[in-house]
1. Test of understanding: what is the full-extension gain from GLU325 to ILE260, defined as 0.36 nm times their sequence separation minus their Cα-Cα distance?
2. Measure up LYS153/LYS429; LYS70/LYS351; LYS15/LYS174; LYS127/LYS429; LYS48/LYS330 against 31 Å on the Cα-Cα distance and list the ones that go over.
3. Taking the Cβ of ILE373 as the centre, find all other residues whose Cβ is under 15 Å away and add up their charges (Lys, Arg: +1; Asp, Glu: -1).
4. Please compute the net charge surrounding ALA361, taking Lys and Arg as +1 and Asp and Glu as -1 over other residues with Cβ under 12 Å from its Cβ.
5. Can you tell which of PRO193, ALA90, GLN395 lies farthest toward the positive end of the dipole of the chain, using +1 and -1 charges on the Cβ of basic and acidic side chains (Lys, Arg; Asp, Glu)?
6. Only four residue types carry charge here, +1 at the Cβ of Lys and Arg and -1 at the Cβ of Asp and Glu. Report the dipole size of region 292-409 about the Cα centre in Debye, rounded to the nearest 20.
7. May I ask you to derive the relative contact order of the chain, considering only C-alpha pairs under 8 Å and at least 6 residues apart, and to give it as an integer percent?
8. How far apart, in nm, are two points set 7 Å out from the Cα along the Cα-to-Cβ line at ASN230 and at ARG110?
Amino acid sequence: MPFDYSTVDLEGILKRAYDQMSELQRPAVGKARARGRVVFNMWMGTGKSFAALTAGFCFKPQHWLILVFKKSETTNWAAEIEKWFPEFSAPELYTIVRGQANERHTLYQRRSLFYVTTVGSFLRDIKWLVTRRIRFDVVTIDELHKTGLRNRKSQGFSSLKALVAKVEKLQPVKLINPLTGTWTSKGSVQMWPTLNLLAPTVFRSYWKFANTYNIMVDYGFGQTIIGPQNTESLALVTSPYVHHVSEADAAQHLPPLQRIILPVSLTKPEWRDYNTMARHMFLEPGEEEELITVQTVLAKLTRLRQLICCPRILSPDFPIGSVIEAIVDKIKENDELPNWKHNIVITPFVKSIIPFRSYLAEELGMSLDDIMIVQGGMEGAELKHVERRFRTDPQTMILASLKAADAWNAETALNVYFAHFDWDQDLNKQAEARSRRVDGTQKMIRSYYAHVPNSITADMFEILNRKEYSNKLTYQDVKGLMERLRARHKKNEVPPQETC
């Protein structure tokens, strides 16, 4: 049976949500309600999920599809619903579509309100979905940058287009709402697939969009983007379909973040191994072990990063490394504080987690159990346990894999330490955001990045800074437009329940 909205006070529920929302979230709901097609490009920690749920309920949906990237995130949405909209948190209203193909197909046909599944499962089911009379009133796409909506040739983009086309043969999709905190990292061309999904007649041609808003050069091997152009026009044409909350906007509502370089000096043996790998593409770990060799420059760069982060990744005979030693020394500087051990340590290499955990426990006088691990493949219930324990016990620490640094929050952390980082600034910022939430308790968050001068970390910082500068140029006029619109309409804001 369809959900009977007469059994709940939806007007009162939406009024409650409006009162709880920040000024960053309210315009997002207003635009979604008015347009029915909108991207929430909201900086990490500003409450995209709450805004998306509020927007969706404005349309009184009967079938709501939520796409997530990781299976652990399927339970996160259940927790968000229970937190903000407990009236809709009954288990029978929330179906996680998982299992074998026949099980997933059966779950899609179950009477439910929410259907939550991973992008991987969705892609495996798309051929089946487009042959059935499947209806969705609301489609929420979490972390659009991980679902293929930055790439016009991706299976995620083509599958979402096919789903919407199929559903709309039966009835209109009332709201399509992709979410992200990092929509682009390489300029405006990454916007086009999402915009085409939302407004295919407006954003019809990829190449027209690319050439209009980017300086393109053909070096004989195809066109290359060398920088943005017409950024004010881009802001105007995309404004109806995007609610943008920049890092600067978010900074007014989030605890202040200070990024700090943590200088690290390698020992002579560490420099010897590093330079041997850099120059000769091999390492000699010990008499009993085989030579460590690489065949490509890419593999060499990975080995160099591992030697900086934790040499023991490559051989048990190698030291734990100067980076984690420097992090421990920095942590100890705060030993007069009652929560001085209550930190997050991030590493991009899963193989460094076990040696790091043992070293941290020994040097900081902690039990292994107090240093909780977050890495890929964890179930949602496991992550929730880590979150709850970390929030309630200031003597605990989280040691996390960089690529698993999403879908969990640790807003009570004292500091964040990067034993090493990624070439992609989005991943680094996602990891920072675990401790930086609107409902966080810190007055200041310090994010320390271990840096070995004259090593690959210097090259990585340069590349990251260059990417960040290009991305800021793309959004420079978006920010100005948003400020003008906010000033113009500030007096005319109305609670969402008045027009739902």
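Please treat every number below as a calculation from the coordinates, not as lab data. All values derive from a computational prediction rather than experimental measurement. Heads up, the Cβs are rebuilt from the backbone with ideal geometry, glycines too, and the neighbour counts pull from every protein chain shown.
1. Full-extension gain reported as 21.7 nm.
2. Over 31 Å Cα-Cα: LYS127/LYS429; LYS48/LYS330.
3. Charge balance near ILE373 sits at +1.
4. Summing Lys/Arg as +1 and Asp/Glu as -1 gives -2.
5. PRO193
6. Computed charge dipole of region 292-409: roughly 540 debye.
7. 18 percent
8. Result for the modelled spin labels: 4.8 nm.
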